[in-house]
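Engineer: Structure provided below as structure tokens; questions to follow.
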Amino acid sequence: MGRILYKKRTVILFFLLAFSFTVSSAQKVSLDFNRKSLKTVLESITEQTGYTLAYSKEVVNLNERVTIRVADADLTQVLDELLLPRNIGYEIKDNKIYIFDLPAKKEASASQQNSQQNQVQIRGKVTDVNGEPIIGANIFVPGTTIGTISDLEGNYVLTVPRGSVVRFSYLGYVDQEFTVNEPTTLNVKMEEEAKTLEELVVIGYGVQKKSVVTAAISRVTAEELDVPRPSRIEDVLKGKVSGVQITQSSGHPGAESKVRIRGIGTVNNSDPLYIVDGMPVDGGINYLNPVDIQSVEVLKDAASAAIYGARAANGVILITTKTGEGVVKGIGKPVINYDFNYGWQNPWKKKSVLNAKEYMVIMNEAQINDGNLPRYTKDQIAMAGKGTDWQEETFNYNAPVQTHQLSMSGNSEKISYFLSLGYFSQDGIIGGNYGKSNYERWSLRTNSTYNVFEDKERNIFNKLRVGVNVGYSRDNSTGIETNSEYGSVLGSALAFNPRVPVYAPETSNDPDIQSISTILAAHPYAVTDKEGRVFSIPPAGFQEIANPVAMLNQPRLDRWNSDKFVGTFWGGIRRVAWFEI
């Protein structure tokens, strides 16, 4: 009785399996497409059947236009009609439709027989480094339509011309290529692509894979820093990091920039906290040379910056400088780099102001509106011309900016090092040619790491490292008054009388223009240029507004010098193989 029951169960189980296979193979689909891409038609089939589509773009071309109209047709019948005439094969397995290229059918001939003799078949298995099969890996001959994909077990079979280069590729893995001359079994083990899967970002307490970081962290790499060549490290982040607003305080060479991370977080001081090589830095980061920076991370939310406490209320900017580790593959072979850049700066436009004739007309209208007689006659207005363009006289066109950078880096079994010397110079577009608006910075940096001892045979305390990161900078700058409507050079250039010439004339009967003798009688120490020419002075009523060119020639000079030295010393000991402090 027990045997009969067992046989019945076996028959029923077999019947159910056969029935399920018949049902899955007898899927019905309805299509009505006129000159649509083959891909669109196949996507409609997957929507109706619930199957997923697996194919390689490099191997199968699904852009061909097709026309098909069927109602409640078998799935296999529809696929045969769509794919087989186009030399495309398919296989339905585990709720997936695998699509692959079929060798083209050719008539038998002597040339074709020779071609077949030049064909070789390769087969094998595609796995990862752990031996697990890779499903759907692309195996193809580059530049042709010859190819296939690996199945559920990672197996593949492909016929290619003798001597072909066969490429194995899969998303997230390093491509591999092999030259095939004879029929062979080729098992390929694919390695993960470290560039895409192992990108690291610096966080408050170490480093993490970028793929697993959930906090609001943005990163700027050394490659991105090399493009704009900014004078200050803050300017590197302009337009590169979302949620970070950077505004320059003025157009003065070397002027500081205000950095605001997600708006203003606190009253009074809203500057973020700067961490350079793991150490907080007060007083700004103007001592850093942008060329020495390896990466910049911006911690924007409370979760990422929590480790720094209340100091991180306005966000944190983590700056990592370059080292010699990983720069040189070899022992004792230094790499020396010299980088030089030279450029010019010009004002991108001038403000639209009145010329001499327009100024005289406006002044006459003001006099008449005030109930007075016109100040200038028609003849004076007709002969006035354009007068003096004070912006043109003030601007320093083609103001130079240059950068020199010399660095040396390397590593050995005991030491890795990075040494750099940098020089940056910038002249202002107003006053730069008079020595009144200039900026110079010398920078020196040394980053070194020493392996005091390392014993791989010990299980604990088997490695001790110490390091020193030292940076020094000297800034020299001169400047004129900025962001001022009155009393500044640019403010005077915009508001000064266009009828007045740059230099005082020998004689003058014009009430707006004073002669040299008149000026020297009232001002014996009037400003002159190097050739002794006396600059004109403003007529009555201009108060703080003066001759802007004369202001640039004044002997007064505002100069600022600063020296900054920042050093970090650290040590690390490896307690066990996977933990270092």
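Engineer: How big is D for region 377-455, in µm² s⁻¹ as a whole number, if Stokes-Einstein is applied with the Kirkwood radius of its Cα pairs at 37 °C and 0.692 mPa s?
Structural biologist: 187
Engineer: Here is a follow-up. Which value, in Å to one decimal place, does the Kirkwood hydrodynamic radius take for region 449-581 when every pair of different Cα atoms is included?
Structural biologist: For region 449-581, the Kirkwood estimate is 20.4 Å.
Engineer: How would Leu373, Leu152 rank on accessible area, largest to smallest, probe 1.4 Å?
Structural biologist: Leu373, Leu152
Engineer: Could you check the spin-label model distance between Ala540 and Asn553? Points 7 Å from the Cα along Cα→Cβ, value in nm.
Structural biologist: Each label point lies 7 Å from its Cα, and together they span 2.6 nm.
Engineer: Oh, and also: Once you list every other residue whose beta carbon is under 14 Å from the beta carbon of Lys28, what net charge do they have if Lys and Arg are +1 and Asp and Glu are -1?
Structural biologist: Counting the neighbours of Lys28, the net charge comes to -3.
Engineer: Let me ask something else about it. Take the Cβ-Cβ distance between Lys349 and Ala71 as r, set R0 to 41 Å, and report the resulting FRET efficiency rounded to the nearest 0.05.
Structural biologist: The computed FRET efficiency comes out at 0.05.
Engineer: So, in nm, how far is label Thr518 from label Asn483 when the simple model puts each one 7 Å beyond its Cα toward the Cβ?
Structural biologist: 3.9
Engineer: Let's test the formula: R0 of 25 Å, r as the Cβ-Cβ distance of Glu91 and Ser30. What FRET efficiency results, to the nearest 0.05?
Structural biologist: With a Förster radius of 25 Å, E is 0.65.
Engineer: What's the local net charge at Gly487, with K and R +1, D and E -1, over the other residues with C-beta under 11 Å away?
Structural biologist: Neighbour charge sum, excluding Gly487 itself: -3.
Engineer: Let me ask something else about it. Any idea how far the Cα center of region 481-508 sits from the one of region 517-543, in Å?
Structural biologist: 12
Engineer: For Asp301, what residues show an amide H to amide H distance below 5 Å, using hydrogens built from the backbone and excluding near sequence neighbours?
Structural biologist: For Asp301, the qualifying residues are Ala216.
Engineer: Given charges of +1 on the Cβ of Lys and Arg and -1 on the Cβ of Asp and Glu, with all other atoms neutral, how large is the dipole of region 269-408 about its Cα centre, in debye to the nearest 20?
Structural biologist: It works out to roughly 280 debye.
Engineer: Leaving ligands, DNA and RNA out of it, work out the accessible area of Val259 with a 1.4 Å probe and give it in Å² to the nearest 10.
Structural biologist: Approximately 0 Å² of Val259 is accessible to the 1.4 Å probe.
Engineer: Between Ile135 and Glu256, what is 0.36 nm times their sequence separation minus the Cα-Cα distance? Round to one decimal in nm.
Structural biologist: 38.1 nm
Engineer: For a paramagnetic label modelled at 7 Å from the Cα of Thr377 toward its Cβ, which residues of region 490-534 fall within the zone defined by backbone nitrogen distances under 18 Å?
Structural biologist: Inside the label zone: 508-513.
Engineer: Quick one: putting +1 on the C-beta of Lys and Arg, -1 on the C-beta of Asp and Glu, what dipole do you get for region 351-405 around its Cα centre, in Debye to the nearest 20?
Structural biologist: Result for region 351-405 is approximately 60 debye, rounded to the nearest 20.
Engineer: I would also like to ask the following. Might you report the magnitude of the Cβ-based charge dipole of region 440-581 about its Cα centre, with Lys and Arg at +1 and Asp and Glu at -1, to the nearest 20 debye?
Structural biologist: 1120
Engineer: Among Val470, Phe542, Phe453, which residue has its Cα furthest toward the positive end of the charge dipole of region 420-561, with +1 on Lys/Arg Cβ and -1 on Asp/Glu Cβ?
Structural biologist: Going by the Cα projections, it comes out as Phe453.
Engineer: Follow-up question, since we're still on this one. In the full protein assembly as shown, how much of His404 is accessible to a 1.4 Å probe, in Å² to the nearest 10?
Structural biologist: Taking all protein chains as shown, His404 has close to 50 Å².
Engineer: Would you mind counting up the charge near Val160? Only other residues with Cβ under 13 Å from its Cβ, with Lys and Arg at +1 and Asp and Glu at -1.
Structural biologist: Result for the local shell: 0.
Engineer: Note down the accessible area of Glu506, probe 1.4 Å, to the nearest 10 Å².
Structural biologist: We get 140 Å² for Glu506.
Engineer: Can you give the FRET efficiency for Asn561 and Gln402, using 1/(1 + (r/R0)^6), R0 = 22 Å, r = Cβ-Cβ distance, to the nearest 0.05?
Structural biologist: Result of the calculation: an efficiency of 0.65.
Engineer: Full extension from Val361 to Ile264: what is 0.36 nm times the residue separation minus their Cα-Cα distance, to one decimal in nm?
Structural biologist: Additional length available on full extension: 30.2 nm.
Engineer: Give me the one-decimal Kirkwood hydrodynamic radius in Å for region 130-174, with the sum taken over alpha-carbon pairs.
Structural biologist: 11.2
Engineer: For region 446-516, with equal point scatterers placed on the C-alpha atoms only and solvent neglected, what are the log10 I(q)/I(0) values from the Debye formula at q = 0.20 1/Å, to two decimals?
Structural biologist: -0.96
Engineer: Taking 7 Å along the Cα-to-C-beta vector as the label spot, tell me the Leu421-Val466 distance in nanometres, rounded to one decimal.
Structural biologist: 2.7
The values are calculated or read from the model by the stated rules, or taken from the named source; none is laboratory data. The shown structure was predicted, so the numbers you read here are calculated from the model rather than taken from an experiment. With ideal geometry, Cβ positions are generated from the backbone for all residues, glycine too; neighbour counts draw on all protein chains shown. The accessibility values were calculated without ligands, DNA or RNA, using every heavy atom of the protein model including side chains. Shrake-Rupley method; radii C 1.70, N 1.55, O 1.52, S 1.80 Å.
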